[in-house]
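Every number here is computed from the coordinates shown, using simple stated rules; none is lab data. These figures come from a predicted structure and were not determined experimentally. Every residue, glycine as well, gets a Cβ built from its backbone with ideal geometry; the counts of neighbours run over all protein chains shown.
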Amino acid sequence: MTTTYDDLLFEISKPGRIGYSLPESSIEKTDLTNLVSDHLIREEPAELPELSELQVMRHYTGLSNKNFGIETGFYPLGSCTMKYNPKINEDIARYPGFAQIHPLQPEKTAQGALEMMYRLEENLKEVTGMDAISLQPAAGAQGEWAGLLIFKAYHQANGEGDKRRKILVPDSAHGTNPASAIVAGYDVVEIKSNKEGRVGVEALKAAVGPDTAGLMLTNPNTLGLFEVDIVEIAQIVHEAGGLLYYDGANANAILGKSTPGEMGFDVVHLNLHKTFSTPHGGGGPGSGPIGVKDYLKDFMPAPRIKKEEDEYSLSYTHPQSIGRVKGYYGNFGVNVRAYSYIRSMGAEGLLQVSEDAVLHANYLKARLEPYYETPYKDHCKHEFVLSGIRQKKLGVRTLDIAKRLLDYGFYAPTVYFPLIVEECLMIEPTETEAKEQLDAFADALIDIAKDAEENPDTVTGAPYTKAVKRLDEVTAARKPIVVYQKN
Amino acid sequence: MTKQHRYLPTTEQDRKDMLETIGVSSIRELFSDIPESTRATKEKAIELEDALSELSLTKHMKELAAKNTTTETHAYFLGAGTYDHYSPSIVNHVLLRSEFMTAYTPYQPEASQGELQALFEFQTMMCELTGMDVANSSLYDGFTSLGEACNLATSVTKKQEVLYSKALHPQAKEVISTYAYGMEYAVKEIGLNGTATDLEALKNSISNETAAVIIQYPNFFGTIEDLKEIKSLLEASKGMLIVMANPLALALLESPGKLGADIVVGDTQPFGLPMSYGGPHCGYFAVKKKYMRKVPSRIVGQTVDKDGKRGFVMTLQTREQHIRREKATSNMSSNQALTALGSSVFLAAVGKVGLQEMAQQNINHAHYVKNELESKGVTVLSEANFFNEFVVKLDRPINEVSDVLLDNGIIGGYDVSSELNEENTMLLCVTEKRTREEMNKLVSILTGEGK
Amino acid sequence: MTDKAKLFFTKEHEWVELVNDDYVRIGISDYAVEQLGDIVFVELPELKAELSAEDEFATVESVKSTSEIYAPVAGSVAKVNSALEDEPEKLNEAPFGEGWLIEIQASEAVDVSGLMDSSAYEEYVSSL
């Protein structure tokens, strides 16, 4: 029988095989039975696979061939900033001086690590226009949560903790925004976007009050539109006694053009795995540092990095701190990559990043406008939304369009988000794609639009060229199988 | 910008052509929606150091890296939650495959089968080790997994107090306190009996208000707690047993699931992940079946495609923040998929037999050092029931001892004087990587200098 | 199959069947089910749970959405349709029949004057 490499590890396992070699140890055996009661000793060994080294490699190589990354092809996933992840940063993160160091080893033996973190903080202060940075949050959502806990600590310190219990969130926001507010102990008030796809000043005025803890905003927002009233928005929230939170998921649009600090935000997070090129790893690890203005410094997560003379250390004593949100100092290895990226780009390079990212998005939008509904006509920033409502009338859903794109050798855009756009396709090309690539993608979407009219079945039956055809997600959720079951 | 950058393909000609298609005359026009008062200007531009070429970058980064002491030159007897273990070379080779490394969350499962299957296998192996029914596909780290477990327990039991042992990792205590600050429930510490949880005190503290009891297994001081007995203390209440376990120890210790745990969390860093100054590591999160639909973050499930072929998808997604929004019980979005993959490759290579052998070597080595120290007159505070870490009491401050060790090419153990309220105490860790020579050297310094 | 014509409806698309004066069966309408799509999970309350009118008592999940269901009348949960735990698809197949959710024992005669009858509900749905 031929192996198709579709088998699970457990199905190719055979007792007796190994894929490792530990040194022979001459140290005498200590029997666990002499140390603990019998009931604490494992009765049945864990059924882990038994494979040779090549079998393991072939298994994972087979799996990687069924996976799509940025180097496989164009990855226009909106709000995810799928830019090139420089290879040199992978080399650097693997230097023993970064990878083989223990988080609790004496500070004097980790000066290079602390210096790198200090330097990255300084760079991020500059990029965000904030006064202090914490690298601890592991991802954007954790940054949001830490930021909102800082809101909470700030209001409590002002004796308004009990009163200010509401966080305002626009309806176009990422789902993590309202969810982070909830796990920070807040109630959420949703602000409806106006016709232009932005936070309306009137709607905001109606929503703020003495119970407002703050507003969370993504700018540019998830429709790819800049919040043109940002100065007034900040003023309204501040006058009501609230604070402003900047969700940095879309920061790739504004590097060197403006900063959240200038716009009036009090707390920001950045997604280093989006804007600063660290690989997404199929869902993580990310890194979501937060930045705050001076008056919120004392509430930051501890420890913080300190530089005195030429010596770096960690300072733990911050009585007003919200505490620790994650182990150690954040996803250090990810931060090494982001620092390397910033140093590779410089200020001019980052400015060029945003200019090209915005140019690319507007170019794609212009090419696609005749074929798909564009609900918002203004120039976009680094991403834009299309609606598949014309195609829906022909029996072709946005999901079908997404699946058909896979057959053209592209990943699909973000679909059905933001929720306020029907049959939404959200496209973010990034600055690292060449014009020829953008054109090929536009041509594919135009082809699909034509097929939706002439051969809708071609589209609705997609994909045809992947490892599997359309998967049954309903059965997966109705009768969940979440661990391997032996036949 | 005057010079083309190696990461940016767009040329001046491309820019001209694209602007023409868009129908604007300059890129500046595309940014005219940014209010003038907030716009960067020449005077108000961001200032960073000049861009570095690849060669200059590597030089700079090598200089920074060179300032750190590493496992390449020093023998580490430091553990305390992060460990210097053997990792087969192939782990890194798989992680470098860009199809895994540079992918996003598998929103289009048909183009992401490789990763989905790998995570399904990860879930399966974590369930095998922990003795639980359902595991998610990873969280940020062991401590945040524990925080999520506390939120789950308080939400399911509708009770407002979480008890944790003083023998819990100090940073885990800090993280759950932050979680409790968010969701506004109480956390309370249960004291020690030696280096283990004081079960009498625990028994007296469990009440109708107890949402959960947290026990680390082996605990922060290395001691193997009796989970079965602890579970029996919880029987009268509806409180849940949350276990934070070192997954390597589970190769030989009875699984928390069999001993009654409701939630098992921890970090798979010992499985092939570099210490990397504390991250990225990989949190795991496993539960009994009845809590399946309460698990935070992503879970991969098996299904079939329209031809009936087996395939994998993210499933039970309605639990997640992107759907529940303000009704969510967790805000988890990014996870640690790539490090979960790394740990899976490690487990696949080391396998059923290897993991037991490795765990056994940890026990052998740690007990060898303990016996040597004890026979030469050093006070050992741990009882015999420890895995690869134990506590010794020395006769002078730990930082002084650490300096001496450092001069001799050794990174010493963690100073637990404040955690144990007992001065001059050190938590030593001995993994399979330590050689007899390194161990003997440690013993001779501690018995010569530390006494 | 329950006769739809005899049911009462809320604007949130729950239906109420008066089994007795003080005893009702509750479900969600065919319109609601169609909007939700393929239902994959139904979370029901515990037996004997006390509900006030408009309390959230159940959650119905499809693959990509989740909806809370609110009690149209007050009372104690007398029965839950536990068959839905294993076969949530019954809700798609027969929302007025095997897909019912719970039964409520009220402490007094149930007042349905605030609810729509079947034809009023039809009209309401067509106006959406």
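One table, with the values for the structure above:
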{"item": "Shielding of C:65-73 by partner chains, average beta-carbon count, 10 Å", "result": "2"}
{"item": "0 to 90° range, to nearest 10: angle between helix B:337-375 axis and chain B longest Cα axis", "result": "30 degrees"}
{"item": "Convex hull of Cα atoms in segment A:75-125, direction-averaged projection (nm²)", "result": "5.2 nm²"}
{"item": "Rg to Rh, two decimals, where segment A:1-160 supplies the alpha carbon set and Rh follows Kirkwood", "result": "1.08"}
{"item": "Cα gyration tensor, segment B:154-288 - rounded (a/c under 1.5), prolate or oblate", "result": "prolate"}
{"item": "Degrees between helix B:436-448 axis and first principal axis of chain B (Cα, 0 to 90, nearest 10)", "result": "60 degrees"}
{"item": "Segment C:1-119: proportion of alpha-carbon pairs further apart than 25 angstrom, %", "result": "13 percent"}
{"item": "Per residue, the convex hull volume that the Cα atoms of segment B:75-167 enclose (Å³)", "result": "167 Å³"}
{"item": "Rh by Kirkwood over Cα pairs, then Stokes-Einstein D for segment C:6-67 at 1.567 mPa s and 4 °C, µm²/s", "result": "100 µm²/s"}
{"item": "Above-threshold pairs, the threshold being 30 Å between Cα atoms, out of C:Lys6/C:Lys79; A:Lys108/B:Lys59; B:Lys159/C:Lys11; A:Lys166/B:Lys159; A:Lys479/B:Lys258", "result": "B:Lys159/C:Lys11"}
{"item": "Distance histogram in 10 Å bins (all Cα pairs of chain B, percent per bin)", "result": "4, 18, 25, 22, 17, 9, 4, 1, 0"}
{"item": "Among C:Val40, C:Val63, C:Val73, residue whose mean-square fluctuation peaks in a GNM of chain C (springs only between Cα atoms under 10 Å)", "result": "C:Val63"}
{"item": "Average partner coverage of B:338-346, which counts Cβ from other chains inside 10 Å", "result": "4"}
{"item": "Quotient of Cα Rg and 2.2 N^0.38 Å for the protein assembly as shown, N being how many residues it contains", "result": "0.93"}
{"item": "P(r) of segment B:355-409 over all Cα-Cα pairs, binned every 5 Å from zero, in whole percent", "result": "4, 17, 22, 22, 20, 10, 4, 1"}
{"item": "Three-way shape call for segment A:36-92 based on the alpha-carbon gyration tensor, with the a/c threshold at 1.5", "result": "prolate"}
{"item": "In Å, descending, principal axis extents of the Cα set of segment A:70-208", "result": "55, 46, 26"}
{"item": "Nearest-20 debye value, chain A charge dipole, Cβ charges on Lys, Arg, Asp, Glu", "result": "560 debye"}
{"item": "Pair B:Lys376, A:Lys108: separation of 7 Å Cα→Cβ label points (nm)", "result": "2.4 nm"}
{"item": "Radius of gyration, Dmax [segment A:9-64; alpha carbons; angstrom]", "result": "16.0, 45"}
{"item": "Global geometry of chain A, whether rounded, prolate or oblate, following the gyration tensor of its Cα atoms and the 1.5 cut on a/c", "result": "oblate"}
{"item": "Burial ordering of A:Lys486, A:Lys192, fewest other beta-carbon atoms within 10 Å first", "result": "A:Lys486, A:Lys192"}
{"item": "Taking all pairs of distinct alpha-carbon atoms in segment B:1-44, Kirkwood radius in angstrom", "result": "12.5 Å"}
{"item": "In Å, descending, principal axis extents of the Cα set of segment B:381-451", "result": "32, 28, 16"}
{"item": "Inter-chain Cβ neighbour average for residues B:291-304, partner chain, 10 Å", "result": "4"}
{"item": "Sorted peptide list for B:285-294, B:375-384, criterion being average Cβ within 10 angstrom, highest first", "result": "B:285-294, B:375-384"}
{"item": "Residue order, fewest to most surrounding Cβ atoms within 10 angstrom, among C:Val110, B:Val187, B:Val162", "result": "B:Val187, C:Val110, B:Val162"}
{"item": "Calculated P(r) of segment A:89-344 - Cα pairs past 22 Å, %", "result": "52 percent"}
{"item": "Debye log10 I(q)/I(0) at q = 0.18, 0.23 Å⁻¹ for segment A:355-473, Cα point scatterers", "result": "-0.91, -1.42"}
{"item": "Protection-proxy order for peptides B:336-344, A:36-44, A:473-481, B:355-363, each taking the mean of Cβ atoms within 10 Å per residue, highest first", "result": "B:336-344, B:355-363, A:473-481, A:36-44"}
{"item": "Size of electric dipole in the protein assembly as shown: Cβ of Lys, Arg +1 and of Asp, Glu -1, about Cα centre, debye, nearest 20", "result": "1420 debye"}
{"item": "Computed [θ] at 222 nm, deg cm²/dmol, chain B (DSSP H ≥ 4; -39,500 (n - 2.57); rounded to nearest 500)", "result": "-11500 deg cm²/dmol"}
{"item": "Label zone at B:Asn208 (point 7 Å along Cα-to-Cβ), backbone N below 19 Å, segment B:149-179", "result": "B:154-163"}
{"item": "Stokes-Einstein diffusion coefficient of segment B:219-333, Kirkwood radius over Cα pairs, 25 °C, 0.890 mPa s, in µm²/s", "result": "146 µm²/s"}
